[in-house]
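Worksheet: one structure, shown below.
The values are calculated or read from the model by the stated rules, or taken from the named source; none is laboratory data. Please read all numbers here as calculations on a predicted model, not as lab measurements. When we count neighbours, we look across all protein chains shown, and the Cβ atoms used for this are built from the backbone with ideal geometry, even at glycine.
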Amino acid sequence: MAAENKSEKPTPRRRQKAREQGRVARSPEVGAALALAACVLMLSVEGRAGVRAWRGILRWALAGEVHVRPLAGPLAVNEVALRWMYPALGAGMAIALAASLAQGGLVFAPTLLKPSLERVSPIAKMKKLFSVASLAAMGKSLLPTFAMVYLAAGIFRRDWMLLCGSGTFGTSSFAAVLSSRVFELAWKCALVLLGWSAIEFVVARQRFETDLKMTHQEVREEAKESEGNPQVKMRIRKLQRQVRRKRMLEDVKCATVVVTNPTEYAIALQYNAELPAPMVIAKGRNLVAAQIKHAARWSGIPMMENVPLAHALYRTAEVGQFIPVKLYAAVAEILAYILRAEARAAASGGVR
């Protein structure tokens with residue numbers, strides 16, 4: 001049931017956690033197969049010179065000279081190995097390391113270094129050894145083994161008469177026949193392992209991706225851990241809006257005029273000689289618009305009803321921004337009207 005619910009793709013954090021635990025999509029068979037193929041390729045590149053050297057060692061051993069010169073054998077083997085075999089082994093090891101790094105990169109998992117009783121427990125080891133997964137892995141690993149045994153049996157059956165008659169050809173001929181058949185078996189086994197390792201890598205990668213899949217609940221829990229609880233964030237945003245609204249309503253006291261819709265929109269504008277253009281210091285719709293107009297009445301700020309201008313100001317200018325250039329003329333008419341009204345009020349007050 002849990003596996004059926006894992007329908008979400010793994011997040012980057014999930015992948016990072018798996019990597020920290022040493023879990024990557026990696027198949028050890030790829031490195032082994034490439035190492036064997038590299039060794040066979042290096043031996044084939046060495047050509048007949050290397051083959052002749054090993055044939056000489058084999059012919060020397062078959063001739064029985066090891067009993068005559070017991071120390072010459074190890075020295076000759078070491079010399080030939082140093083020249084012809086060790087480079088091939090070195091190339092195989094380097095390619096196996098490169099294949100391992102290419103599959104999952106360099107992974108350092110400190111959690112695996114922590115002591116654990118389960119790792120050294122004989123009971124746990126026995127349970128893993130005789131588990132269904134272990135038996136399935138063992139049976140799966142026997143498939144390429146059967147294929148290589150089948151190839152060896154085919155070569156042996158094909159050249160049975162030649163091998164039986166090679167004893168009459170002499171030591172040199174027998175060594176040549178034997179070395180050629182060993183080399184043929186080696187490159188055929190390398191091809192089998194390469195094909196099997198490619199299949200194993202694809203299966204391991206698919207299994208890894210399936211194991212990393214997440215449920216909806218796991219995605220939500222991870223989002224809470226990384227980004228915070230959504231309810232807490234919503235509460236914080238609500239408090240921030242309230243603080244901004246309170247500050248905006250306080251700024252209405254400094255407004256020059258409030259343009260209204262008259263019921264839906266309210267935009268408070270401020271203008272003085274120090275500003276290059278009128279600035280929007282508060283705006284809102286519905287309830288916020290009513291609060292802006294209420295604050296303007298209490299502060300004695302004039303309000304002007306202009307439906308098109310109120311719509312345009314609300315849509316094109318944000319709080320703290322100057323009004324757009326295309327609205328200069330309309331706003332200038334309102335400001336001029338207010339200034340004339342204030343001038344007349346001041347004059348009439350002076351006459352009295």
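Quick rundown of the values:
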{"item": "Residue pairs meeting the criteria (Cβ under 7 Å; at least 6 apart or on separate chains; first in the same structural domain as Trp187 (by TED's automatic domain parsing) and within 26 Å of Leu193 (Cβ to Cβ), in the stretch 149-176; second at pLDDT below 75 and among the hydrophobic types (A, V, I, L, M, F, W, C))", "result": "Leu163/Val177"}
{"item": "3 or more residues among the β-branched types (Val, Ile, Thr) and either surrounded by 11 or more Cβ atoms within 10 Å (Cβ to Cβ) or within 52 Å of the chain's Cα centre (by Cα) (or both): qualifying helices (runs of 4 or more DSSP H) within the stretch 256-352", "result": "328-351"}
{"item": "Residue identified as surrounded by 14 or more Cβ atoms within 10 Å (Cβ to Cβ), over 13 Å from Lys9 (Cα atoms) and under 20 Å from the mean Cα position of the chain (by Cα) among Ala186, Ala204, Ala190", "result": "Ala204"}
{"item": "Checking Ala223 against (1) surrounded by fewer than 11 Cβ atoms within 10 Å (Cβ to Cβ); (2) at pLDDT below 85; (3) among the small types (Gly, Ala, Ser), the condition it does not meet", "result": "(1)"}
